[in-house]
Amino acid sequence: MYKRVKNRFFRWVLIALTCLFGLLIAYWMVLYLMVPRYHFKEGRPFSGEYLYNPYQHMDSSQWKQYNFHCHSRKYLGITNGRLSKEENIDSIYQTLGYDHYGISDYMRINPHGSDRRDYIPSYEHGYGFFRKTHQLCIGAELVVHADLPFVQSLDMKQYMLEKLQEHCRFAVPAHASYTKGYKVNDMHYLSGYRLLEICNPYGDALEHWDAALSTGHRVYGIGDDDTHNVLNANEVGRFFTMINVADMQADSVYEALDSGCAYTVDFHSYYDKPFELKVERMHELPHLTRCELIGDTLVVETNAPIIEVADFIGQDGKVLKHEERVNQAQYVIQPNDPYVRVKLRLPHQTYFYLNPITRHHGPTPDDQSTAEINRPQTYLFYIVYGIVILLCVIRIFKKQ
């Protein structure tokens with residue numbers, strides 16, 4: 001009798017799990033089928049007689065240090081972040097001297113720190129079973145739980161960015177090269193996003209960045225630790241974003257990020273160094289003091305003792321000028337330069353990635369959209385999908 005009850009119990013459990021799995025597959029199948037078809041136009045490189053400098057109004061005394069990507073212990077420790085309690089996150093990042101250290105749990109807005117004036121609701125979107133096509137949602141109003149967790153086409157990536165952008169201030173492609181969630185070629189066509197996580201320990205996106213910029217997409221870079229265990233000194237203080245803002249209220253930060261008045265710092269050379277040394281170097285960190293256009297001449301300075309290397313990078317990631325051991329780096333922007341961005345190497349192998357100077361047809365930068373929904377093709381696919389599903393249902397009932 002006991003054995004019969006036990007077998008019956010396990011049979012019902014198996015049936016329940018099978019039904020749940022079937023419902024999940026059906027749900028994801030519907031999501032995949034609902035994605036519209038897009039028409040992607042070839043992007044046009046930046047052009048025009050006006051040069052837009054995102055640092056034109058910067059105040060060199062108002063740089064603030066930000067990390068938007070950090071995971072805490074959630075979901076009973078199932079997700080990667082099981083050792084990062086909120087109190088530990090506060091303690092570690094305050095010791096390092098950060099002005100802002102936002103928590104971005106998977107598919108959840110963490111309210112920790114919501115009483116602080118610098119609180120910015122964020123989360124990491126995406127399940128990504130095979131290729132992690134994830135997005136960092138900064139300034140999120142709510143969590144979009146829908147996702148396309150398996151391999152995504154270009155249409156699907158554009159669709160998810162648009163859907164997420166409806167409910168957050170910035171939908172940021174995260175760790176783009178990690179498992180090739182975003183391919184370099186994708187960035188020629190994807191549009192409608194402002195920020196790209198160019199520095200992340202799980203995969204940088206510098207090549208992706210130049211691909212986007214070279215096709216006229218005004219995209220600015222950010223860097224993050226993407227920390228999963230703040231008690232591991234090797235995971236904290238590696239990549240971060242310096243934002244030029246006096247008022248740390250969320251709207252002021254969003255405005256600075258949207259205009260490009262920020263730069264990314266690669267502090268990765270201290271990966272395997274003692275935490276105490278990292279704290280010491282972090283508190284000695286130099287900052288950008290000048291990024292000015294004088295006519296067509298771009299002048300860059302920092303308060304470091306010297307700029308060890310300055311690379312001026314342009315169309316297709318080509319190095320336009322290379323300078324070594326200078327106090328002031330300069331480059332005369334040529335009429336055929338659609339954009340110019342600057343990479344600096346400072347003492348102690350610290351790297352700055354500045355946002356690009358871009359060409360436009362007016363004093364206000366203009367943005368192009370290379371993606372639009374192809375409605376005839378979308379409706380055609382919906383009709384085909386509907387017919388196939390109907391035929392499957394008829395076949396199933398005929399077998400009954």
request  = Answer yes or no as to whether residue 281 is over 23 Å from the mean Cα position of the chain (by Cα), basic (Lys, Arg) and within 13 Å of residue 350 (Cβ to Cβ).
outcome  = yes
key: Output for region 190-201, where each listed residue is among the aliphatic types (A, V, I, L, M) and either closer than 14 Å to residue 223 by Cα or in a helix (DSSP H, G or I) (or both)   = 195, 196, 198
task = Give the residue that is surrounded by the most Cβ atoms within 10 Å (Cβ to Cβ), with candidates limited to residues of region 83-99 that are out of contact with any Cys (no Cβ under 7 Å at 6 or more places or on another chain) and of a type in the set (A, V, I, L, M).
result = 92
Residues (buried (at least 17 other Cβ atoms within 10 Å of the Cβ) and in a loop (DSSP other than H, G, I, E, B)) located in region 288-308 = 304
ask   = Do we have any residue at all in region 161-175 that's buried (at least 19 other Cβ atoms within 10 Å of the Cβ) and on the phi > 0 side of the Ramachandran plot?
value = yes
inquiry  = If I ask for residues that are in a strand (DSSP E or B) and surrounded by fewer than 13 Cβ atoms within 10 Å (Cβ to Cβ), which ones from region 323-335 would you list?
reply    = 324, 325
query = Assuming residue 111 fulfils every condition listed in (1) surrounded by 22 or more Cβ atoms within 10 Å (Cβ to Cβ); (2) in a loop (DSSP other than H, G, I, E, B); (3) on the phi < 0 side of the Ramachandran plot; (4) out of contact with any helix residue (DSSP H, G or I) (no Cβ under 8 Å at 6 or more places or on another chain) apart from one, which condition is it?
reply = (1)
message = Restricting to region 120-134, give me the number of residues that are surrounded by 19 or more Cβ atoms within 10 Å (Cβ to Cβ) and in contact with a Ser or Thr (Cβ under 7 Å, 6 or more places away or on another chain).
response = 5
Residue check, residue 241 closer than 24 Å to residue 316 by Cβ and of a type in the set (Ser, Thr, Tyr) = no
inquiry  = Quick test for you: out of 366, 316, 311, pick the one residue that is touching a His at 6+ places or on another chain (Cβ under 6 Å), closer than 30 Å to residue 192 by Cα and not in a loop (DSSP other than H, G, I, E, B).
reply    = 311
message = Filter region 339-361 down to the residues that are at pLDDT 95 or above and farther than 19 Å from residue 319 by Cα and list them by number.
response = 360, 361
inquiry  = It is to be established whether one or more residues within region 117-132 are under 18 Å from the mean Cα position of the chain (by Cα), among the hydrophobic types (A, V, I, L, M, F, W, C) and in a loop (DSSP other than H, G, I, E, B).
reply    = yes
remark   = Contact list, first residue from region 196-208 and over 20 Å from residue 71 (Cα atoms), second anywhere and among the charged types (D, E, K, R) and buried (at least 24 other Cβ atoms within 10 Å of the Cβ), beta-carbon distance below 8 Å, six or more apart or interchain, is 205/197
remark   = A careful count of residues in region 214-256 that are part of a loop (DSSP other than H, G, I, E, B) and within 18 Å of the chain's Cα centre (by Cα) gives 10
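Table: residues versus (1) surrounded by 15 or more Cβ atoms within 10 Å (Cβ to Cβ); (2) closer than 30 Å to residue 125 by Cβ; (3) out of contact with any Lys or Arg (no Cβ under 7 Å at 6 or more places or on another chain); (4) without any contact (Cβ under 8 Å) to a residue 12 or more places away in the chain.
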residue: 25; (1), (2), (3), (4): no, yes, yes, yes
residue: 42; (1), (2), (3), (4): no, yes, yes, no
residue: 46; (1), (2), (3), (4): yes, yes, no, no
residue: 58; (1), (2), (3), (4): yes, no, yes, no
task = Return yes or no: is residue 102 within 29 Å of residue 208 (Cα to Cα), of a type outside the set (Phe, Trp, Tyr), at pLDDT below 95 and crowded, with 17+ Cβ neighbours inside 10 Å?
result = yes
task = Output yes when any residue across region 284-291 is more than 16 Å from residue 54 (Cα to Cα) and of a type in the set (D, E, K, R), and no when none is.
result = yes
message = Would you confirm whether or not region 383-390 contains a residue that is of a type in the set (Val, Ile, Thr), surrounded by 12 or more Cβ atoms within 10 Å (Cβ to Cβ) and at pLDDT 95 or above?
response = no
ask   = Which residues, taken from region 339-363, are closer than 20 Å to residue 192 by Cβ and buried (at least 22 other Cβ atoms within 10 Å of the Cβ)?
value = 339, 355, 356, 358
query = If a residue has to be out of contact with any helix residue (DSSP H, G or I) (no Cβ under 6 Å at 6 or more places or on another chain) and in a helix (DSSP H, G or I) to count, how many in region 32-68 make the cut?
reply = 2
request  = For residues that are part of a loop (DSSP other than H, G, I, E, B) and closer than 25 Å to residue 225 by Cα, scanning just region 151-189, find the one that is modelled with the lowest pLDDT.
outcome  = 177
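The values are calculated or read from the model by the stated rules, or taken from the named source; none is laboratory data. Just so we're clear, the structure is a prediction, and the values are computed from it rather than from any experiment. Note: ideal-geometry Cβ built from the backbone for every residue, glycine included; neighbour counts use all protein chains shown.
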